[in-house]
Amino acid sequence: MTAIAAEARRILADLGVPETRFAGGTLPVRSPITGEAIGAVAEASADDVPDAVGRAQAAFLRWRLVPAPRRGELVRLLGEELRAAKGALGRLVTLEVGKVVSEGLGEVQEMIDICDFAVGLSRQIGGLVLPSERPDHRLAEQWHPAGVVGIISAFNFPVAVWSWNAALALVCGDAVVWKPSEKAPLTALAVDALYRRAAARFGADAPDGLATVLVGGRAVGEALVDDPRVPVVSATGSTRMGRAVGERLARRFGKAILELGGNNASIVTPSADLDLTLRAVAFAAMGTAGQRCTTLRRLIVHADVYDALVPRLAGVYRAITVGSPVAGDALVGPLIDGDAFAAMEAALAAARAAGGTVHGGGRVEVEGEGAFYARPALVEMPGQVGPVMEETFAPILYVLRYRDLDEAIALQNGVPQGLSSSIFGSDLREVERYLSVQGSDCGIANVNMGPSGAEIGGAFGGEKDTGGGRESGSDAWKGYMRRQTNAINYGRSLPLAQGVRFEV
Ligand code: NAD
């Protein structure tokens, strides 16, 4: 057994995952760091979904009766377990999906942060009291838990996405059934073990089946989406997946929280601080090897600052360190697999064919044939055509030139996706215009920073082909609850609304 496989197994065993769950199963797990097998996970099939949902449903019926602040205590304990295991779980994220060390740890920190947020929320999930038009009446709304929440997650945030959903859903009074990415089941098993520790410390109030993991492929996801006992499905992944899930759910009027692909842009205005812009762009475009939904994919630069910025940026692209996340201090790790590298190559070929000038790109030999490391590519494009309109999940940054802010905003908004965006500049008029109704059409619009790397305090998600869902902070918790409006008559007469008369 190689060092990476041995380390992954040791972490899993230390976290309390039984060996039968990660060795000897039918689903092979490969580390993108070397391409080697690091586990073989026991898979669920679509036939296992009804039973898991049934247990979750039974758990929900009990969990909804536990007061919300007490439910928050379970999430507080989960946060404690995550704090204690941050190093181990962060390392496992690195080994399983190839994130550089600080990003693996950062992902676990994000889980801890959302647990803290949800604990506070457990004393705040309340409704409004509204003025009634009738005397001696009270008009109010309250929020009840939705029921069983299905969570389908992508490989690139293999554990944080579960926590954004689960921490909120659990304080809201829901049960959760999780189908993680088939490319990253080991970290899911580790999280499951940590949840179980928290639940054991919490005691009998946390029923069996309250949070379940079903490792499997698309068929398991489809069975979860089709189960009428699952009122809410939160699905994170490609737009293609979201379209399939959204349509299936709509057929049975299930509620969808869809967090799909992005094609994120930044506009660099003439008043931008170019040193700051350079650093921000480098991280947003090349961090996580371009495999974030919020990765910067299009840079729209004013003609007056184009020559001062773009050649310097090309220099950063040439110099950036690409390498193994467990050896040395590379900033850019591997792509998830050979398919991802092939997609990058195809996009660069299409960009060249469309008249683009490519700086960088190509395979970097780091760990042999089975691992796919790519030099990030900066591509100067004559227009927003071909691959620029699509999300290629790899470190490619297309650069476009503009003269007028309205033109830049039209370019930014002129793609099917609407996740994240940003503007660089110190001209108040331009910046505020960008944030106004005439500006960015995305779910996230930042100023003087890249589009990548959100904080958990705000609602996260995007418009158009990104799916329209919101997760994490602000009032995203409402997506995991059902709203009930109450009109209460505490008088002795029966005035009807809108002055309607009906005397019997
Ligand atoms: P993917 O779409 O291939 O898979 C995501 C998940 O969906 C997996 O668990 C997969 O098994 C499941 N799935 C696929 N088809 C399904 C179907 N028809 N029914 C039910 N489940 C199905 O995505 P990926 O390659 O793992 O992740 C990369 C993509 O995810 C990118 O497009 C990225 O932008 C997106 N993403 C979006 C966000 C966000 O919050 N907006 C966050 C992370 C990743």
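Any read-out appearing in this document is the output of simple, stated calculations on the displayed coordinates, not a laboratory observation. Computed from a predicted model, the values in this text were never measured in an experiment. Positions of Cβ are backbone-derived with ideal geometry, glycine not excepted, and every protein chain shown enters the neighbour counts.
If each residue of separation counts as 0.36 nm, what is the full-extension length gain between Asp273 and Arg218 once their alpha-carbon separation is subtracted? Could you put the intermediate results ahead of the total?
Values: separation 55, 0.36 × 55 = 19.80 nm, distance 4.55 nm.
Result: 15.3 nm gained on full extension.
Calculate the dipole size of the chain relative to its Cα centre from +1 charges on Lys and Arg beta carbons and -1 charges on Asp and Glu beta carbons; express the result in debye to the nearest 20. Intermediate results must be reported in sequence, preceding the final value.
Working: 50 positive and 57 negative charges, 244 e Å.
About 1180 debye.
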(message) With +1 on the Cβ of every Lys and Arg and -1 on the Cβ of every Asp and Glu, and nothing else charged, how large is the dipole of region 368-441 about its Cα centre, in debye rounded to the nearest 20?
(response) 120 debye
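Treat the count of other C-beta atoms within 10 Å as a stand-in for reagent exposure and order Thr187, Thr288 from fewest to most. List each step's numbers first, then the result.
Values: Thr187 31, Thr288 26.
In order of increasing Cβ crowding within 10 Å: Thr288, Thr187.
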(request) Report the normalised scattering of region 152-193 as log10 I(q)/I(0) at q = 0.34 Å⁻¹, calculated by the Debye formula with identical scatterers on the alpha carbons. (result) -1.23
(message) Counting other beta carbons within 10 Å of each residue's own, what order do Ser420, Ser181, Ser324, Ser102 fall into, fewest first?
(response) Ser102, Ser324, Ser181, Ser420
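At 25 °C and a viscosity of 0.890 mPa s, what translational diffusion coefficient does Stokes-Einstein give for region 185-302, taking Rh as the Kirkwood radius over Cα pairs? Give it in µm²/s as a whole number.
Numbers: Rh = 17.9 Å.
Translational D for this selection: 137 µm²/s.
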(message) Once the cut-off is 39 Å, how many percent of the Cα-Cα pairs in the chain end up in the long-distance tail?
(response) 28 percent
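List the trypsin sites (Lys or Arg not before Pro) within region 62-138 that DSSP assigns to loop and that have no more than 14 neighbouring Cβ atoms inside 10 Å. Spell out each step's value before the answer.
Values: sites: Arg62, Arg64, Arg70, Arg71, Arg76, Arg83, Lys86, Arg91, Lys99, Arg123, Arg138; in loops: Arg64, Lys99, Arg123.
Passing both the DSSP loop test and the Cβ count: Arg123.
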(message) Spelling out what I want: for every residue of region 269-279, take phi, set θ = phi - 60°, compute 6.51 cos²θ - 1.76 cosθ + 1.60 (Karplus), and round to whole Hz; glycine and proline get x.
(response) 8, x, 8, 5, 7, 6, 5, 4, 4, 4, 5
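Using Cα pairs under 8 angstrom and six or more residues apart, how large is the relative contact order of the chain, in percent?
Computed value for the chain: 18 percent relative contact order.
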(request) Hey, can you grab everything whose amide H is under 5 Å from the amide H of Val447? Only 5+ residues off in sequence or another chain; H modelled, so Pro and N-termini drop out. (result) Ile423
(request) Assign unit charges at the C-beta atoms only (+1 for Lys and Arg, -1 for Asp and Glu), then state the dipole size of region 264-447 relative to its Cα centre in Debye, rounded to the nearest 20. (result) 140 debye
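As a footprinting exposure proxy, order Arg218, Arg501 by other Cβ within 10 Å, with the fewest listed first. Walk me through the numbers on the way to the answer.
Numbers: Arg218 13, Arg501 6.
With the fewest neighbours first, Arg218, Arg501 line up as Arg501, Arg218.
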